[in-house]
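Working notes for the structure below.
The values are calculated or read from the model by the stated rules, or taken from the named source; none is laboratory data. Quick caveat: nothing in here was measured; it's all calculated off a predicted structure. Neighbour counts are summed over all protein chains in view; Cβ atoms, including those assigned to glycine, are modelled from backbone coordinates with ideal geometry. For accessibility, only protein heavy atoms count, side chains too; no ligands or nucleic acids. Shrake-Rupley method; radii C 1.70, N 1.55, O 1.52, S 1.80 Å.
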Amino acid sequence: MAKDAIVNDSLAAKFATEKDSPYTRWVADEGLDIIAAHYVPDLRTVELKPWERRGGRGVFINHEATRTSNDCYVCEIPAGGKLAPQRQLFEEMILVLDGNGSTKVWNDKGAEVTFEWGPGALFAIPLNAHHQHFNGSGSKAARFVSSTNMPPIINLYDDVDFVFGTEKDFPNRFDGEPDYFAPKGEQKGLLLDTNFVADAVNLPLIEAKERGAGGGHIRFNMARGSMNSHISQFPVGTYKKGHRHGPGAHVIILSGTGYSLMWPEGEEPRRYEWGPGSLIVPPNMWFHQHFNTGEEPGRYLAFKHEVVSVRNAQGVPKAWISMRIGGDQIDYADESPLVRDMFREELAKVGLKPQMDEVYEAEIPNLPPKP
């Protein structure tokens, strides 16, 4: 049985200062808190503090298992207001939670692009490009959630002026193209190469039976960066296959209601309820599994940093590959009976029945033999 590896106070004290870092000190200097939990019930209502430098309100979310790879923050733009301009030597992906507005992006050469956004919009900030966000409403605040690879950058350089004040254009990332943030893109298998999605909640997806339950999937490469994201959806009365991967996935529920189970190998699963706006951050190599108990398809967006992706020699994420052949995905046939019992009981509470029998049957012909 795996444990949490909690040690005595004497040993913990020897490493206490190493929990502090240039990144955590920077967040504190900004006057903001870091939520260290791996579950936030609703990003749309999570408590924020004034962010004086940027002119809005914010909070950072940085679980200990992700603090050296990437982070997440929620920011609010006041009604009729705007955030201060910023440039940064790290990457950033943004999902608009509430409100309407616009963003202006420009480089040192003087090329400038402005685009509008609303709830559900998804976009990325090009590396070290100047940018500024504007609230389009004079009566309602706008709120977005962002994932960045800021922690390793600030920890590496430990120089805030360098990270936020270096005069350097990266024309291969952004060169002022007028259609840079146009809602278009090139589909390459499951990957959509685009810089802007107008409505992530209703974006058409591609069938991805490998993740189970006949769901849809799409992956994004935005602003020509190293960070990535994907959207997954699964039908009413179904659930995804359990799997695990490296740290840094920030799973944001876009639609539907349900729950997720998360557990380190050898321990009992821990349960987290979700609905639109919930955030789940699976710790490094914890198994996790998502269950739809609502009356509409469940859809989520996952922000990740690609450098922590674990892939096989063919480039396939091991989270997509059966544990029977060395991957990190649990086949339905190998999951605990408790998983199915809990799901059936939860659906019964709302007058629904599982729609999984055909899914279980469809898996059998393609199951690798047990090792």
For the stretch 48-109: rounded, prolate or oblate by the Cα gyration tensor [a/c cutoff 1.5]: oblate
With every protein chain in place, the chain: carbon and sulfur % of accessible area (1.4 Å): 52 percent
Dipole magnitude of the stretch 63-125 about its Cα centre (Cβ charges: Lys, Arg +1; Asp, Glu -1), debye to nearest 20: 180 debye
Where the stretch 110-164 is the region considered: accessible area per residue in Å², 1.4 Å probe: 37 Å²
Greater than 23 Å apart at Cα, pairs in 184/318; 49/82; 140/304; 19/168; 188/370: 184/318; 140/304; 19/168; 188/370
Heavy-atom surface of the stretch 185-255, accessible at 1.4 Å and reported per residue (Å²): 32 Å²
Per residue accessible area of the stretch 30-81, 1.4 Å probe, in Å²: 41 Å²
Square roots of 5 times each gyration tensor eigenvalue, C-alpha, the stretch 60-182, largest first, Å: 23, 20, 12
Tensor-based shape of the stretch 1-117 (alpha-carbon gyration tensor, a/c under 1.5 rounded, otherwise prolate or oblate): prolate
Inter-centroid distance (Cα atoms) of the stretch 171-210 relative to the stretch 328-371, Å: 33 Å
Karplus (6.51, -1.76, 1.60) ³J(HN,Hα), θ = phi - 60°, over the stretch 330-337, in Hz, Gly and Pro reported as x: 8, 5, 3, 5, 10, 7, 5, x
Euclidean distance between Cα centres, the stretch 84-128 to the stretch 251-268, Å: 30 Å
Derived scalar couplings ³J(HN,Hα) [the stretch 166-179; Karplus, 6.51 cos²θ - 1.76 cosθ + 1.60; whole Hz; x for Gly, Pro]: 7, 7, 7, 8, 10, x, 6, 9, 7, 10, x, 4, x, 9
Per-residue HN-Hα couplings for the stretch 27-40 [Karplus 6.51, -1.76, 1.60; θ = phi - 60°; Hz; x = Gly/Pro]: 4, 5, 5, 6, x, 10, 8, 10, 7, 8, 6, 9, 7, 10
The chain, relative contact order in percent, only Cα pairs under 8 angstrom and at least six apart counted: 15 percent
